[in-house]
1. Any idea how far the Cα center of the stretch 192-241 sits from the one of the stretch 24-55, in Å?
2. Restricting to Cα pairs below 8 Å that are 6+ residues apart, what does the relative contact order work out to for the stretch 88-176? Please round to a whole percent.
3. If a/c stays under 1.5 just call it rounded; otherwise compare a/b with b/c (prolate if a/b is bigger, oblate if not). Do that for the stretch 36-188, with a ≥ b ≥ c from the square roots of the Cα gyration tensor eigenvalues.
4. Just order 81-89, 12-20, 147-155 by mean Cβ neighbour count inside 10 Å, highest at the front, would you?
5. Taking a ≥ b ≥ c as the square roots of the eigenvalues of the Cα gyration tensor of the stretch 212-257, is the shape rounded (a/c under 1.5), prolate (a/b larger than b/c) or oblate?
6. Please give me the summed charge of the neighbours of V224: other residues whose Cβ is under 10 Å from its Cβ, Lys and Arg +1, Asp and Glu -1.
7. How do 33-42, 128-137 rank on mean C-beta neighbours within 10 Å, highest first?
8. As an exercise, find the ratio Rg/Rh for the chain from alpha-carbon atoms, using the Kirkwood inverse-distance average for Rh.
Amino acid sequence: MYDSLAAVVKESKKSGAKFWQVIQEDDCREEAIDRQKSFGRMRAMYEAMRDSVNNYDPTLHSASGLVGTDAAKLEKYYNEGKMMADDFVGRVMIRALRVAESNACMKRIVAAPTAGSCGVLPSVLITMQEERKLSDEQMIEALYVAAGIGGVISKRASLSGAEGGCQAEIGSASAMAAGALVSLMGGSAEQIANAAAIALKSLLGLACDPVAGLVEVPCVKRNVIGSVNAVTAADMAMAGIKSRIPPDEVIDAMRSIGHGMSTSIRETGTGGLAATPTGVKIREKVTKW
């Protein structure tokens, strides 16, 4: 597994291989499998993501009652033509909520890279495929890009909210999605890395403060923010905008910020939103069950 995005970009330039090909080759080498088997694994992952969007139940609530039906509300609002966001972003938002709510309701999702951030990647990829009429093969290639970015983040920093705050979960997912989008738009390896950096920079310092210790509030709605953030970062990178701080340094900064965070805002459910008067009341109610 690569330990820097710079190394992936360098290999892409040296070999002429695309970002996704560099990552797939590394995966095959690390797992001791051929390209066909590697591709098959990634295909299964994408199909599971698509199922997590399509199998949303608009009537279902989580056991706590804190989460459920919001994606249906947003879709109704979208269908009424009232959204300020454009059509593409609107569909991204709906799908992000669908998957994140499904996770809270114990339905099948893909942790990408975590269960708490499961709505980001499928929402942008599936909407992009629908918008641009892309093939499943292209989407699977984009997943390699996302996986490569996530792998570097896991090596240099963390993907865990308990270790790095929500920036390590939603932030990482947003960076992965931004890079995948740039890949689908024909961007270079360098643009992919810049998109990831821009997305991650925008969410640095994000606390992990789950109310009642559940992956529900504010986690579900943050998936929407991470998804939209990925779209804006991808567009900036494709326009030729670069991250002034090199991508790997942005990841290192995330690690440093995470280590500096109080434990109360690192998935303990004792600080931030979880410690508000309403958050405390919810926790007391949930713990009585």
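1. Cα centres, the stretch 192-241 to the stretch 24-55: 24 Å.
2. With pairs under 8 Å counted, the relative contact order is 29 percent.
3. Note, shape of the stretch 36-188 comes out oblate.
4. Highest to lowest by the protection proxy: 147-155, 12-20, 81-89.
5. Oblate, since a/c reaches 1.5 and b/c is not below a/b.
6. Net local charge, V224 excluded: +2.
7. 33-42, 128-137
8. Looking at the chain, the ratio lands at 0.97.
Bear in mind these aren't lab numbers, they're just calculated from the coordinates by the rules spelled out. Values in this document were obtained by computation on a predicted structure and should not be read as measured data. Glycine also receives a Cβ, built like all others from the backbone with ideal geometry; neighbour counts cover every protein chain displayed.
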